[in-house]
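The values are calculated or read from the model by the stated rules, or taken from the named source; none is laboratory data. Keep in mind the model is a prediction, meaning the values are calculated, not measured. Please note: Cβ atoms are built from the backbone with ideal geometry, for glycine as well, and neighbour counts cover all protein chains shown. Accessible surface is based on the protein model in full, side chains and every heavy atom, while ligands, DNA and RNA are left aside. Shrake-Rupley method; radii C 1.70, N 1.55, O 1.52, S 1.80 Å.
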Amino acid sequence: MTADPRTPGRTLLPVASARQTWTTLGAQFRDRPGLSAAAATVLVAAATGGLVAPWVLGRLVDDVIAGAPVSRIAGRVAVIAAAAVLTGLLTALGAALASRLGETVLARLRERVLDRALHLPSATLERAGTGDLLARVGDDVAVVTNVIAVSGPAFVGALLSVVLTVFGLVALDWRLGLAGLVAAPAYALALRWYLRRSMPYYARERVATGERTQAMAGALRGAATVRAYRTEDAHVAAIAERSGVARDLSLEIFNLHTRFGLRINRSEFLGLAAVLVAGFFLVRDDLVTVGAATTAALYFHRLFNPIGLLLLESDSVLQAGASLARLVGVASLPDTAPPTASGPATAPAGPRGPAALDVTVRRHHYDDGPLVLADVELRLAPGERVALVGASGAGKSTLAGIAAGIIAPTDGSVRLDGVPLTGAGEATARRDVALVSQEVHVFAGPLAEDLRLAAPDATDAELLDALERVGATAWLRALPDGLATPVGEGGHRLTAAQAQQVALARLVLTAPAVAVLDEATAEAGSAGARDLDRAALAATRGRTTLIVAHRLSQAVTADRIVVLDHGRIVEQGTHDELLDAGGRYGHLWRSWRVPV
């Protein structure tokens with residue numbers, strides 16, 4: 001992970017080194033040996049075919065000077081035409097094969113990035129920000145895709161053309177080849193000048209793009225709050241400022257690119273002049289024929305386009321390299337997914353009874369940050385309902401995340417019926433411990449499919465039963481197509497309370513042994529709070545349950561209340577016991593002023 005200098009406390013996702021990037025790409029190409037070999041063979045053949053026309057044209061010049069018959073000249077012309085057609089066909093086929101290979105490799109890499117992103121710990125993603133991740137799977141993928149589909153095949157073809165043409169020039173006459181090499185230092189100096197100045201800009205440009213995406217995503221995600229507090233201008237100004245940074249970097253890169261083009265033209269002039277001058281003296285001394293000198297000049301002139309493409313397209317290739325390193329950085333993250341059986345996930349064969357949950361946190365902090373939890377010993381008996389209360393920042397959500405197996409404690413452990421929820425036990429955690437948070441997501445598609453995320457084999461009757469259990473049948477009947485009604489983006493918009501009921505219905509379908517509710521009913525307004533509390537109570541009935549209570553009315557119905565203060569458990573007991581004790585809970589209750 002790398003620190004973001006623009007946002008203190010924010011840690012960006014990792015960026016792969018050049019060696020890691022090439023190693024990953026090499027492994028992908030080796031996994032597709034047939035397609036890789038076919039693409040390489042056709043591209044080499046196309047580049048070789050491009051050498052035929054200049055060589056035959058040189059021979060044609062010698063034939064004309066020698067007064068060769070028309071039939072020989074016509075034969076030379078026919079060979080040039082056939083070579084041009086064949087080279088064109090091979091170039092098209094090579095580009096198609098290279099694009100197919102590149103797109104396949106990118107698709108596998110993109111899938112790997114998405115897989116790693118979906119398995120990132122919540123805390124890691126929060127520290128990095130969604131903008132950084134969205135920029136990688138969006139903008140960075142777009143940059144690499146453009147190079148693979150457009151620039152990549154041409155770049156590879158140009159590279160092969162340069163190598164084979166230089167070889168042909170030297171094979172024609174080593175002195176003419178040596179004259180052409182006069183341009184090499186000029187090209188090298190131009191490229192060195194460009195790379196030293198442009199590469200830092202590309203890395204900064206990709207970070208700036210992520211910053212811009214982060215600002216836009218944050219503003220759009222909280223659009224309602226932004227409008228409520230009338231802070232539109234401030235958010236637009238922040239987006240404009242970060243867009244301005246990205247724009248200025250792009251303009252500076254374009255300026256470098258233009259000056260780079262001038263240096264390329266100067267190198268071409270030096271090289272061609274050297275070949276023509278050398279050819280003049282060699283022809284004058286009868287060391288080479290006019291046709292050979294003509295071929296040499298045509299060979300070097302033929303290098304203009306491929307060398308220019310290589311150097312000028314280095315702009316796109318460098319951007320793609322920076323983007324690719326960011327993608328490989330995420331794809332190379334360790335696999336934190338628990339081992340699962342092959343095949344699609346299915347619902348448990350039968351509901352498991354409530355289990356005991358033991359949480360021990362000797363200390364916990366995020367990276368090098370302050371201590372969040374300390375000396376926490378929490379045991380939930382099978383079927384017990386425990387409410388976690390405390391002031392904002394007391395560590396409630398962190399403790400809930402640790403209990404659910406989402407966050408690994410810095411020093412501590414979590415056990416389900418005595419089995420650690422780490423290593424091989426993580427698979428059990430995913431099946432037998434379920435977390436419902438305040439932020440739930442309704443996926444785009446039919447409501448039935450959204451619910452079947454929790455139980456792919458559930459019947460419509462089971463889906464309806466789960467919705468009825470959480471009190472959702474009233475608004476379900478109002479849907480035009482019932483369970484088949486599209487919901488989420490582009491479909492029927494569910495209210496915040498309805499979305500929470502869908503999440504609780506998924507909990508019912510999952511049938512976990514332990515349920516952790518992290519302010520799972522906080523999105524309900526005052527009118528719907530009581531209904532959503534009843535839905536949460538129904539969904540967790542018969543299960544061991546830990547509730548992060550944002551309303552103290554939720555704590556009243558709990559078997560036990562645990563009070564956190566500055567990351568430590570300061571009180572435990574029933575509602576009445578804690579009120580009689582007159583401690584921290586009693587103070588919170590009086591401040592809340594809710595009648596029992």
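Structure summary
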read-out: For segment 53-106 and segment 236-291, distance of Cα centres in Å; value: 27
read-out: Portion, in percent, of the accessible area of the chain that falls on carbon or sulfur, probe 1.4 Å; value: 61
read-out: Accessible area of residue 577 in the full protein assembly, 1.4 Å probe (Å², nearest 10); value: 110
read-out: Heavy atoms of residue 576 accessible to a 1.4 Å probe, total area in Å² rounded to 10; value: 100
read-out: Probe 1.4 Å - accessible area at residue 587, Å² to nearest ten; value: 90
read-out: Hydrodynamic radius of the chain per Kirkwood, over alpha carbon pairs, in Å; value: 29.4
read-out: Estimated inter-spin distance, residue 460 and residue 225, nm [label 7 Å along Cα→Cβ]; value: 4.0
read-out: Solvent-accessible surface ranking, highest first, for 55, 22, 589 at 1.4 angstrom; value: 22, 55, 589
read-out: Positive-pole candidate from 84, 410, 228, dipole of the chain, charges at beta carbon; value: 84
read-out: Segment 447-502, accessible area per residue, ligands and nucleic acids excluded (1.4 Å, Å²); value: 51
read-out: On Cα atoms only, tilt of 529-539 relative to the major axis of the chain in degrees; value: 80
read-out: On Cα atoms only, tilt of 18-30 relative to the major axis of the chain in degrees; value: 80
read-out: Cut-off of 10 Å, at most 10 other beta carbons, DSSP loop: longest stretch of the chain lacking such trypsin sites (Lys or Arg not before Pro); value: 231-592
read-out: Contact order relative to length of the chain, as percent, for alpha carbon pairs under 8 angstrom and 6 or more apart; value: 15
read-out: Selection from 45, 578, 295 lying farthest towards where the dipole of the chain points positive, charges on Cβ; value: 295
read-out: Between 0 and 90°, nearest 10: helix 33-49 axis offset from the chain longest Cα axis; value: 30
read-out: J(HN,Hα) series, segment 268-284, from Karplus relation 6.51 cos²θ - 1.76 cosθ + 1.60, nearest Hz, glycine and proline x; value: 4, 4, 4, x, 5, 4, 5, 5, 5, 5, 4, x, 4, 5, 5, 5, 4
read-out: Unit charges on C-beta of K, R, D, E only; dipole of the chain, Debye; value: 1260
read-out: Solvent-accessible ranking of 300, 269, 280, largest area first, probe 1.4 Å; value: 269, 280, 300
read-out: Equivalent ellipsoid dimensions for segment 141-271 as semi-axes, Å, which come from the Cα gyration tensor, largest first; value: 47, 16, 8
read-out: Furthest towards positive pole of dipole, 95, 13, 114, structure part the chain, Cβ charges; value: 95
read-out: Net charge over other residues, Cβ less than 14 angstrom from the Cβ of residue 77 (K, R count +1; D, E count -1); value: +2
read-out: Estimated vicinal HN-Hα couplings, Hz - segment 181-191 in sequence order (Karplus 6.51, -1.76, 1.60; Gly, Pro = x); value: 5, 4, 6, 4, x, 5, 4, 4, 5, 5, 5
